[in-house]
Amino acid sequence: MRIPPGYVSIVGAGPGDPELITVRGRDRLANADVVIYDDLAGSALLAYCRAECQRIHVGKRCGRSTWTQDRITDLLLMHVGRGRRVVRLKGGDPFVFGRGGEELNALVRAGVPCEIVPGVTAATAAGAVAGVPLTHRGIASAVVFVTGHECAGKTDETIDWAAYARLRATLCVYMGTRNLASIAEKIAEGGLSKDTPVALVSRASWPDQRIRFFTLGELSAGFSGEADTPALAIIGEVARIPAEAAELAMATAVAV
Ligand code: SAH
């Protein structure tokens, strides 16, 4: 599709590795007059833009930025009002904890033609790099994407962790590293065994990605994840699969 002037594409950048943006997302970047991007949308992706494309960084973490959501929306409307092809580049998928819905609403309300280009969300990226399938026949038939709020001092008491524990689904916790100990405790109180494995993947798909495995009990006994952001916790029996696969490979190697 040829993008007309005066159009906004809200594009999912994927988890970080510039190869993990969609073909459509890359195409939109290559045709953009203006790109408005967040911190998590890796700047390596900007290499796909034309030299004359204007790049505007509006990154914010935990709300600490002069760029409020309203200002970002105003910026989008200002540039599109001047007839530009605007890309709003957001980390992962714009509709998964990305506030893409709010920006879309504002654009639609203003009568601006726009589209959403989906992206690889952190949970699927983390699963891929850690070798943890989010669903697995006989082990997990449902997945939950839930936010744990990583901002210091900001906890969301409205999240019913015990209810999630009862689902026996794979729990993918976004923005949760700083509160992981208390989240693990609440999930265990909800009835999930303390032996339940957890894969913690920080900076999935970046050159410095880190993959670690814990049990729910280990995390609830104390975990400080200040240095681990952005990170995604995958909680559930599926997180046992990489260790089992490694054991199997070892046993096979010994047998030959
Ligand atoms: N829209 C994004 C999520 C934004 S919320 C998406 O779909 O992925 C930001 C949270 O996403 C971070 O706190 C972290 O939990 C997670 N995250 C984003 N990129 C990540 C990455 N490369 N590795 C691990 N977690 C990541």
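The values are calculated or read from the model by the stated rules, or taken from the named source; none is laboratory data. Quick caveat, the model's predicted, so the values are computed rather than measured. Note that we place each Cβ from the backbone using ideal geometry, even for glycine, and neighbour counts take in every protein chain shown. The accessibility values were calculated without ligands, DNA or RNA, using every heavy atom of the protein model including side chains. Shrake-Rupley method; radii C 1.70, N 1.55, O 1.52, S 1.80 Å.
For the ranges 87-99, 180-192, what's the packing order if you count other beta-carbon atoms within 10 Å of each residue, average per peptide, and put the highest first?
87-99, 180-192
Separation between the E247 and A110 pseudo-spin-labels, each 7 Å from Cα along Cα→Cβ, expressed in nm?
Taking the simple label geometry, E247 and A110 are separated by 5.6 nm.
Carbon-plus-sulfur fraction of the accessible area of the chain, 1.4 Å probe, in percent?
54 percent
Label segment 5-99 by shape, choosing from rounded, prolate and oblate, from the square roots a ≥ b ≥ c of the eigenvalues of the Cα gyration tensor; if a/c is under 1.5 it is rounded, and otherwise prolate applies when a/b is larger than b/c, oblate when it is not.
Taking the square roots of the gyration eigenvalues as a ≥ b ≥ c, segment 5-99 is oblate.
So how much accessible area does R85 have, in Å² to the nearest 10, using a 1.4 Å probe?
Ignoring ligands and nucleic acids, R85 comes out at about 60 Å².
How much area per residue is accessible in the chain when the probe is 1.4 Å and only protein heavy atoms are counted (Å²)?
With all protein chains present, the chain gives 49 Å² per residue.
Take R84, R55, R28 and sort them by solvent-accessible surface of the protein heavy atoms, 1.4 Å probe, largest at the top.
Descending order: R55, R84, R28.
Pop the C-beta distance of V23 and S193 into the FRET formula with R0 = 41 Å and round what comes out to the nearest 0.05.
Step by step, r from the Cβ atoms, then E = 0.45.
What full-extension length gain, to one decimal in nm, is calculated for W206 and R50 as 0.36 nm per residue of separation minus the Cα-Cα distance?
53.8 nm
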